[in-house]
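Comments concern the structure below.
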Amino acid sequence: MCSYLAVSKNVKTSAGLGVAVTFVLVVTLPVNYLLQTLVLEPLHLEYLSFILFIAVIAAIVQLVEMVVEKYSPSLYASLGIFLPLIAVNCAIMGGSLFMQQRIGLPAVDAKAITSLLDAFSVRVWDGS
């Protein structure tokens, strides 16, 4: 959203970024699904899914950036840094999700908190 809000002053620029993001989503979702089901799961490497997803998204964003630069230089110039920012934001989110998956953050995980309270028979809400 921050990329979109940054370029939303101009309709052409914001529409261009919207099309780019939609294209990245349409391409990366099936690719990531196929990699998950055909590569990671058979090899029991599901824990690498976030890293692989980020790599696929970054590659597709780079491809989109090169295509936009070649076929619409004015849109490329107006988007500036915000198109690569899609990959950066994805990498930041993916890195934090990967760390949560591998290390775990039970202090902020609602399910972990309720499980802990149940284990100590603490009644937070009685439903009345």
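The values are calculated or read from the model by the stated rules, or taken from the named source; none is laboratory data. Since this is a predicted model, take the numbers as computed values, not measurements. All Cβ positions, glycine included, derive from the backbone under ideal geometry; neighbour counts span all protein chains shown. Calculation scope for accessible area: heavy atoms of the full protein, side chains included, ligands and nucleic acids excluded. Shrake-Rupley method; radii C 1.70, N 1.55, O 1.52, S 1.80 Å.
Condition (residue is part of a loop (DSSP other than H, G, I, E, B) and modelled with pLDDT under 80) applied to segment 26-44: is it met by at least one residue? It would help to see each step written out before you state the result.
Narrowing segment 26-44 to residues part of a loop (DSSP other than H, G, I, E, B): 41-44.
Next, from what is left, pick out any that are modelled with pLDDT under 80: none.
Checked against the condition, which is being part of a loop (DSSP other than H, G, I, E, B) and modelled with pLDDT under 80, segment 26-44 yields no hits at all.
Checking residue 21 against (1) crowded, with 18+ Cβ neighbours inside 10 Å; (2) within 18 Å of residue 94 (Cα to Cα); (3) touching a residue at least 60 places away in the same chain (Cβ under 8 Å), which test does it fail?
(1)
Report yes if some residue within segment 104-112 is in a loop (DSSP other than H, G, I, E, B), open to solvent by 80 Å² or more (accessible area, probe 1.4 Å), in contact with a helix residue (DSSP H, G or I) (Cβ under 7 Å, 6 or more places away or on another chain) and modelled with pLDDT under 85; otherwise report no. Break it down stepwise before answering.
Restricting attention to segment 104-112, the residues satisfying the condition of being in a loop (DSSP other than H, G, I, E, B) are 104-109.
Now restrict to residues that are open to solvent by 80 Å² or more (accessible area, probe 1.4 Å): 105-108.
If we keep only those that are in contact with a helix residue (DSSP H, G or I) (Cβ under 7 Å, 6 or more places away or on another chain) too, we end up with 106.
Next cut, modelled with pLDDT under 85 only: 106.
Yes: one or more hits.
Go through (1) modelled with pLDDT under 85; (2) surrounded by 13 or more Cβ atoms within 10 Å (Cβ to Cβ) for residue 56 and report which single condition fails.
(1)
I'm told residue 5 meets every condition in (1) exposed (fewer than 11 other Cβ atoms within 10 Å of the Cβ); (2) at pLDDT 85 or above except one. Can you identify the failing condition by its number?
(2)
I'd like the full set of residues that are under 14 Å from residue 24 (Cα atoms) and either outside any helix (DSSP H, G or I) or open to solvent by 80 Å² or more (accessible area, probe 1.4 Å) (or both), limited to segment 64-94.
Result: 66, single match.
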